[in-house]
Amino acid sequence: MNNNVSPIPPSFSKLDGRGPAIKLGSGTIEPSGHVRVLGVIMSSDLSLGKHVSAVSATCIFHLRQVHRDRQSLDVGSAKTLVQAFVTSRVDYCNAESPGVITDKLQRVMNSAARVVTNTRKYDSGLSRLMHNELHWLDVTEVTGRQHLHSATQRKLVVPRYRLNSFGRRRFSVAGPSTWNSLPDSLCDLELSLDTFKSQLKTYIFAKY
């Protein structure tokens, strides 16, 4: 048996104010400021700024590839490529994004519309092209409709499942279910992370 491995639970220490570090023997697992979950990059403060920056960079890359071959594509083919590589990424997990973030995504959608319609950056009529010809919504309109079952109650959509024994234990089911069980005061997106944790702790102790 290796005596150099620390017993469980490991000791914790604060590093740079970002969270606990885990010490295992002579090694230390340091906390990360960002984590990727189901393709979404979340920061330690639960913000999506880094995720949106990564999405924007990826979308711009694909738009440049499509633009390079645009003269060889008809409108339908260009639209299909842009929907597959760009707009699907913009739509994924970007609901309830702050205004600065949605502005960045909107610039991506504007560029995508230019590529599909084969128009230049400073040509007029972009809004008409997006709404009337491509039938695309602005990012602010999309984020206002997706993912939340009720915009006022902040309830999440719980996906259907078949087996009560295992299906309800999946994170995609248990996560939204747990969130929906919280009181409305805890579901306020204006709460800071520290305030949320403090009120959540109070709620759990009072309940159990």
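Key figures for this structure:
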{"read-out": "Residue satisfying all of: in the stretch 68-89; among the small types (Gly, Ala, Ser) and within 19 Å of residue 120 (Cβ to Cβ); surrounded by the fewest Cβ atoms within 10 Å (Cβ to Cβ) among these", "value": "72"}
{"read-out": "Any pair with Cβ under 8 angstrom, 6 or more apart, that starts in the stretch 191-208 at a residue that is more than 17 Å from residue 181 (Cβ to Cβ) and ends at one that is outside any helix (DSSP H, G or I)", "value": "193/45; 193/46"}
{"read-out": "Qualifying residue in the stretch 35-53 (condition: without any contact (Cβ under 8 Å) to a residue 12 or more places away in the chain, basic (Lys, Arg), out of contact with any Pro (no Cβ under 8 Å at 6 or more places or on another chain) and more than 30 Å from residue 175 (Cα to Cα))", "value": "no"}
{"read-out": "Helices (runs of 4 or more DSSP H) lying entirely in the stretch 95-208 (those with 2 or more residues that are among the aliphatic types (A, V, I, L, M), under 30 Å from residue 72 (Cα atoms) and at pLDDT 80 or above)", "value": "99-117"}
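The values are calculated or read from the model by the stated rules, or taken from the named source; none is laboratory data. Since we're looking at a predicted model, the values are computed, not measured. Positions of Cβ are backbone-derived with ideal geometry, glycine not excepted, and every protein chain shown enters the neighbour counts.
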